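Every read-out reported here was derived from the displayed coordinates using simple, explicitly stated rules and does not represent laboratory data. Keep in mind it's a predicted model, so treat the numbers as computed, not measured. Reconstructed Cβ throughout: ideal geometry from the backbone, glycine too, with neighbour counts over all protein chains shown.
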Amino acid sequence: MNLRTFCLFFMALVVFIPKGMAQEKKEKENFSFGKVTDVYIGLDDVVSSVGAGSLPSDPDVTDKKATQGNKWLRIDVPFQTKKKITPELKFKFYLEGYELTEEEGGAKSSEKFVILTGEAIYRDIPKGDKNYAGVFLSPASMVRFSGLKSDAGEWKTKRLNLRVDAWEGGAQVEPSFDLMAEKDMGPSGRGGKKDPDWYKSADAQQIPGALLPVQDTPFWPKDYKHYPQPKNP
């Protein structure tokens, strides 16, 4: 190979490689999470969402806040896609919680750190600047996992950690969504830049399936317009 041929070959490599890398990067950038400020974490009333059934609405239980007809915790995380139609997106949510333990007689005594998890899968997602991936925590689970305070105040005010991983076409998308990513540490002393792997903590018990997709709640099908088409696992 003479010098002129070598130079032409080298120049072709310089031109070709960045172009290929740019195409690959462009393909990976179809999906991205939205802004933290657009995240919704709040209590939604079932009565305002679905019609009343023919049976008595509440069972006879001691804690009325724990019945299915009470308020549910809804978590909506925004995302955007650039393709006209994205065949499938899978989301896994991790939410910081505290399970209360009771002494004999029902007296509340202590709480332990837990990580509530759940998945939401959507298919044929149309291009858009603000779609939502959402999960719910039932009233009884809120009572169980909101610790000694027994309310959803820490979740509603976004003072507890939330992480969401996303997969497109079987490949995990980076970066993941982290509610405390811009803080040194979350208000609870977990998460943030100093503790990015809080959701893997050996100190916490994971509670799989505690966070429910919309189709497993009383908000389906009335809220069908708010989310992309759900897909059951």
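For K200 and D129, FRET efficiency with R0 = 41 Å and r from the beta-carbon atoms, rounded to 0.05? Don't skip to the end; give the middle numbers.
On the way: r = 32 Å, r/R0 = 0.77.
For D129 and K200, the calculated efficiency is 0.80.
What is the magnitude of the charge dipole of region 140-222 about its Cα centre, with +1 placed on the Cβ of each Lys and Arg, -1 on the Cβ of each Asp and Glu, and no other charges, expressed in debye to the nearest 20?
Around 380 debye, computed over region 140-222.
Restricting things to Cα coordinates, could you compute the convex hull volume per residue of region 108-162 in Å³?
In region 108-162, the Cα hull volume divided by residue count equals 102 Å³.
R0 = 45 Å: FRET efficiency of K225 with E104, Cβ-based, nearest 0.05? Could you put the intermediate results ahead of the total?
Numbers: r = 49 Å, r/R0 = 1.08.
Given R0 = 45 Å and the Cβ-Cβ separation, E is 0.40.
Report the full-extension gain for the segment M185 to V36: residue separation times 0.36 nm, less the Cα-Cα distance, to one decimal in nm.
Gain on extension, M185 to V36, equals 52.1 nm.
Please give the charge dipole size of region 91-179, origin at the Cα centre, charges +1 on K and R Cβ atoms and -1 on D and E Cβ atoms. Round to the nearest 20 debye.
280
Based on the alpha-carbon gyration tensor of region 136-187 and its eigenvalue square roots a ≥ b ≥ c, which shape applies: rounded if a/c is under 1.5, prolate if not and a/b is larger than b/c, or oblate?
Oblate, because a/c is 1.5 or more while a/b does not exceed b/c.
Given Cα positions, please report Rg to Rh for region 97-233, the hydrodynamic radius being the Kirkwood one.
Ratio of gyration radius to Kirkwood radius for region 97-233: 0.99.
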